[in-house]
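Structure, as structure tokens:
The values are calculated or read from the model by the stated rules, or taken from the named source; none is laboratory data. Every value quoted in this text rests on a predicted model; they were computed, and no experiment measured them. FYI the Cβ positions are ideal-geometry reconstructions off the backbone, even for glycines, and counts take in every protein chain you see.
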Ligand SMILES: [Zn+2]
């Protein structure tokens, strides 16, 4: 009886907390996991590496309805969570700079973003739902042959990269031409990484890629080769290396967070449905913001999972 009473008091307290937070249903848990979604082609027909424009739009609607909010990968790495209480960050990534990710249309002398390309869909969705957040990282291939050479519109490639950077998106390193880094010696690996950045800087001067997505998900013999160094007259430095699979990522407050091995979820119907259902069934596994960028809120039972640097300060245990 006594135990039951205590339990119901805890439950009442939890409900009160949530209602005070104005969040709806989810209690804050900043040790929960975060989905980093991985898109390839946005085009027709739907296939293993292709999401149709309509399905991509539906993904955004589903995420929005389930209280997910977009953040950039850089914000995740910086632990800059300026989200309303009760919402969950989600990161979008686009690999291989295929044409359907970002296309310009020329009509009657005007140039506009194709509303059926991923950037067009993202921009429209952000206008309609300003509280959804904004952002995505594009892992481009500046040295690939068509159709993956910087979205495959040579006249607009500079305009596109500049647009991304000036509109809150990130450009990531995916090597020069999608090299399988496990096959090459150090000098080739470093040249592939550095030269991709050199090419991006031809269009966006001084831009430094902050993260790298591994082509084919294959690590080089020594991961430090892609993390920092100099080659081809430029120096590069990456804070995170992204894999092609692995599920939802640990919270950056968690001891299991490893930015050099960041897992992603392939954004195809089956994988997305699996993870959305997983978090619906296990809401306690999901990162839920406390609405305060200066505090870290975690359930008491999980306090031991916090990285050492967060154990002392700023932690609100609920
Ligand atoms: Zn790729």
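What strands (runs of 3 or more DSSP E), lying completely within region 70-149, carry at least 1 residues that are more than 16 Å from the ligand (Cβ to nearest atom) and either out of contact with any strand residue (DSSP E or B) (no Cβ under 8 Å at 6 or more places or on another chain) or in contact (Cβ under 8 Å) with a residue 12 or more places away in the chain (or both)?
88-95, 104-107, 110-113
In region 210-228, which residue that is assigned to a loop (DSSP other than H, G, I, E, B), over 25 Å from residue 165 (Cα atoms) and away from the ligand (no atom under 16 Å from the Cβ) is nearest to the chain's Cα centre (by Cα)?
So, considering only residues that are assigned to a loop (DSSP other than H, G, I, E, B), over 25 Å from residue 165 (Cα atoms) and away from the ligand (no atom under 16 Å from the Cβ), the one nearest to the chain's Cα centre (by Cα) is 223.
Condition first: crowded, with 17+ Cβ neighbours inside 10 Å and more than 21 Å from the chain's Cα centre (by Cα). Now tell me which residues in region 194-203 satisfy that.
Scanning region 194-203 gives 194, 195, 198, 199, 203.
Within region 36-48, track down each residue that is over 17 Å from the mean Cα position of the chain (by Cα) and under 19 Å from residue 122 (Cβ atoms).
43, 44, 46
Just to be sure before I move on: is residue 179 in a loop (DSSP other than H, G, I, E, B), within 13 Å of the ligand (Cβ to nearest atom), over 21 Å from the mean Cα position of the chain (by Cα) and within 20 Å of residue 42 (Cα to Cα) in the structure I sent?
Criteria not met by residue 179.
Output the residues belonging to region 36-68 that are surrounded by 17 or more Cβ atoms within 10 Å (Cβ to Cβ), within 16 Å of the ligand (Cβ to nearest atom) and more than 28 Å from residue 259 (Cα to Cα).
43
Is it fair to say residue 168 is over 20 Å from residue 119 (Cα atoms) and either within 16 Å of the ligand (Cβ to nearest atom) or out of contact with any strand residue (DSSP E or B) (no Cβ under 8 Å at 6 or more places or on another chain) (or both)?
no
Could you check region 258-271 and list, in sequence order, the residues that are within 16 Å of the ligand (Cβ to nearest atom) and out of contact with any helix residue (DSSP H, G or I) (no Cβ under 6 Å at 6 or more places or on another chain)?
Matches in region 258-271: 262, 263, 264, 266, 267, 268.
For region 165-176, name all the residues that are within 15 Å of the chain's Cα centre (by Cα) and either assigned to a helix (DSSP H, G or I) or free of Cβ contacts under 8 Å to residues at least 60 places away in the same chain (or both).
171
What number of residues in region 264-291 are outside any helix (DSSP H, G or I) and either in contact with a strand residue (DSSP E or B) (Cβ under 8 Å, 6 or more places away or on another chain) or crowded, with 19+ Cβ neighbours inside 10 Å (or both)?
Total satisfying the criteria: 10.
Given the structure, is residue 236 over 29 Å from residue 58 (Cα atoms) and either touching a helix residue (DSSP H, G or I) at 6+ places or on another chain (Cβ under 7 Å) or assigned to a helix (DSSP H, G or I) (or both)?
yes
How many residues are within 13 Å of residue 57 (Cα to Cα) and surrounded by 15 or more Cβ atoms within 10 Å (Cβ to Cβ) if we restrict to region 108-123?
Matching residues across region 108-123 total 8.
Give me the residue from region 235-257 that is surrounded by 20 or more Cβ atoms within 10 Å (Cβ to Cβ) and over 17 Å from the mean Cα position of the chain (by Cα) and, out of that set, farthest from the ligand (Cβ to nearest atom).
So the residue we want is 254.
Exactly one of these conditions fails for residue 261: (1) crowded, with 19+ Cβ neighbours inside 10 Å; (2) over 27 Å from residue 300 (Cβ atoms). Give me its number.
Of the numbered conditions (1) crowded, with 19+ Cβ neighbours inside 10 Å; (2) over 27 Å from residue 300 (Cβ atoms), the odd one out for residue 261 is (1).
Taking the options 191, 187, 231, name whichever one is more than 16 Å from the ligand (Cβ to nearest atom), modelled with pLDDT of 95 or more, over 23 Å from the mean Cα position of the chain (by Cα) and surrounded by fewer than 16 Cβ atoms within 10 Å (Cβ to Cβ).
So the residue among 191, 187, 231 that is more than 16 Å from the ligand (Cβ to nearest atom), modelled with pLDDT of 95 or more, over 23 Å from the mean Cα position of the chain (by Cα) and surrounded by fewer than 16 Cβ atoms within 10 Å (Cβ to Cβ) is 187.
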